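First up is the structure itself, then whatever we jot down about it.
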């Protein structure tokens, strides 16, 4: 669980996550919060919860890199520290992994009849365009590449080097998973999106970086990086 300045939601979210019968451990990586979130996390006493503190803000990808390395359970799920995604739906994500028909599961906000909060039109257009471009480079047919809810077999996610520190993690991990020929499934999930006034953090610069990452981690981009002369 990457966490940055989520004082308003972190306590209630932890409670909801721990209510899931699937949860064996909760790894929370506080990424340099400055709003009192860290004080709340220090007070968490449930033995299933482990909190790691980054000294300064590095980004979602950096927090996930720390958390993935420390995971010990058989399956690993990404849970943002807000309340946009519902922990009661973990069973939808875990089922294909537990049934050994999938190595990776994406929770799609666009492949579902479940409740969705109506928010930003251009955000939905941007998400769909980024997913389309990612699919063109990876030859996958995902409907929601940018989703937070991604589930992995632990050995799979721990075998992949995460290079992106911010939201570029999403297209990066998608490209790297696609190259391995893994069994990737999608399941529909609900979504209670936030407004910027409520704490939403992703912005247009992250969209631009996602475009860069789609190309950078594609086979074409990897070949170009391999051919780049190394600095002495």
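Restricting to region 108-121, and then to whatever is more than 10 Å from residue 191 (Cα to Cα) and surrounded by 11 or more Cβ atoms within 10 Å (Cβ to Cβ), can you tell me which residue is modelled with the highest pLDDT?
111
Name the one entry in 51, 76 that is within 14 Å of residue 31 (Cα to Cα) and either crowded, with 19+ Cβ neighbours inside 10 Å or touching a helix residue (DSSP H, G or I) at 6+ places or on another chain (Cβ under 6 Å) (or both).
When all the criteria are applied, what remains is 51.
So in region 172-201, with the set limited to residues that are crowded, with 17+ Cβ neighbours inside 10 Å and at pLDDT below 80, which one is farthest from residue 95 (Cα to Cα)?
199
Right, residue 8: surrounded by fewer than 21 Cβ atoms within 10 Å (Cβ to Cβ), out of contact with any strand residue (DSSP E or B) (no Cβ under 6 Å at 6 or more places or on another chain) and closer than 25 Å to residue 181 by Cα or not?
For residue 8, the condition - surrounded by fewer than 21 Cβ atoms within 10 Å (Cβ to Cβ), out of contact with any strand residue (DSSP E or B) (no Cβ under 6 Å at 6 or more places or on another chain) and closer than 25 Å to residue 181 by Cα - is not met.
Any residue at all in region 117-136 that is under 18 Å from residue 174 (Cβ atoms) and in contact with a strand residue (DSSP E or B) (Cβ under 8 Å, 6 or more places away or on another chain)?
No - not one qualifying residue is present in region 117-136.
Let me spell it out: the conditions are (1) outside any strand (DSSP E or B); (2) surrounded by 19 or more Cβ atoms within 10 Å (Cβ to Cβ), and residue 152 meets all of them except one. Which number is the exception?
Of (1) outside any strand (DSSP E or B); (2) surrounded by 19 or more Cβ atoms within 10 Å (Cβ to Cβ), only one is false for residue 152: (1).
Among 29, 17, which is the only one that is at pLDDT 95 or above and assigned to a helix (DSSP H, G or I)?
Every option except 17 fails the conditions.
Given (1) surrounded by fewer than 20 Cβ atoms within 10 Å (Cβ to Cβ); (2) within 18 Å of the chain's Cα centre (by Cα); (3) touching a residue at least 40 places away in the same chain (Cβ under 8 Å), where does residue 101 come up short, assuming only one miss?
It is condition (2) that residue 101 fails.
Can you name the residue in region 32-45 that is touching a strand residue (DSSP E or B) at 6+ places or on another chain (Cβ under 8 Å) and touching a residue at least 12 places away in the same chain (Cβ under 8 Å) and, of all such residues, is farthest from residue 13 (Cα to Cα)?
32
If we only count strands (runs of 3 or more DSSP E) wholly inside region 41-138, which ones have 3 or more residues that are closer than 30 Å to residue 215 by Cα?
Counting at least 3 such residues, we get 75-77, 104-108.
For region 27-48, enumerate the residues that are within 28 Å of residue 94 (Cβ to Cβ) and buried (at least 20 other Cβ atoms within 10 Å of the Cβ).
27, 28, 29, 30, 31, 37, 41
Quick check, is residue 96 farther than 22 Å from residue 14 by Cα, touching a helix residue (DSSP H, G or I) at 6+ places or on another chain (Cβ under 6 Å) and at pLDDT 95 or above?
For residue 96, the condition - farther than 22 Å from residue 14 by Cα, touching a helix residue (DSSP H, G or I) at 6+ places or on another chain (Cβ under 6 Å) and at pLDDT 95 or above - is not met.
The values are calculated or read from the model by the stated rules, or taken from the named source; none is laboratory data. Here the structure is a predicted model, which means the values were calculated and not measured. Cβ atoms come from the backbone with ideal geometry, glycine included; neighbour counts cover every protein chain shown.
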